[in-house]
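First comes the structure, then the notes that go with it.
The values are calculated or read from the model by the stated rules, or taken from the named source; none is laboratory data. Every value quoted in this text rests on a predicted model; they were computed, and no experiment measured them. Every residue, glycine as well, gets a Cβ built from its backbone with ideal geometry; the counts of neighbours run over all protein chains shown.
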Amino acid sequence: MHGGLSANELSSLCILAGNGFKTGVAAVPTSIVDLVPTILSSLRLPLPSTVQGRIIDEALQDREDSSQYDVEDASVSVASSARRATVFRERYGQRLYLRGAAVTRLAQPKNDRPDANPTQLNT
């Protein structure tokens, strides 16, 4: 499937190699928009003001590891009477990264009138 919001569809592999890059694996949130500033920085080229994304510091040899940032859960949910939609996202530094989304059905009484569901009044 293409274009969905499951974690499997949003995950991808990025390999950065060369003299300017560290070896190993970095498992911090990144996005495709982070590649341009990272590559420009590795070539010591200026970043235009129109470039979005962050420099992936943890991948570059001459950069301090930005592990001082914690990956923070920044998920949000919106519920209606029948469903809850949740967008799973992570905050890393000042940036938000999408991790996935889900829609779940909520349990709903057969009759929504409070007087028809006495147990609903006690909860």
Report task. Please identify the pairs in which a residue from segment 5-20 that is in contact (Cβ under 8 Å) with a residue 24 or more places away in the chain has its Cβ atom under 7 Å from the Cβ atom of a residue that is in a helix (DSSP H, G or I) and of a type outside the set (Lys, Arg), counting only partners at least 6 apart or on another chain. Result -> Leu16/Ala59; Gly20/Ser42
Query raised in the report: Would you pick out the residues in segment 15-62 that are in a loop (DSSP other than H, G, I, E, B), surrounded by 12 or more Cβ atoms within 10 Å (Cβ to Cβ) and of a type in the set (S, T, N, Q)?
Result: Thr30, Ser31
Requested in this report: From Thr50, Thr104, Thr23, grab the single residue that is closer than 27 Å to Gly3 by Cβ, at pLDDT below 90 and not basic (Lys, Arg).
Outcome: Thr104
Requested in this report: Assess whether Arg84 counts as being under 12 Å from the mean Cα position of the chain (by Cα), among the charged types (D, E, K, R) and part of a strand (DSSP E or B).
Outcome: no
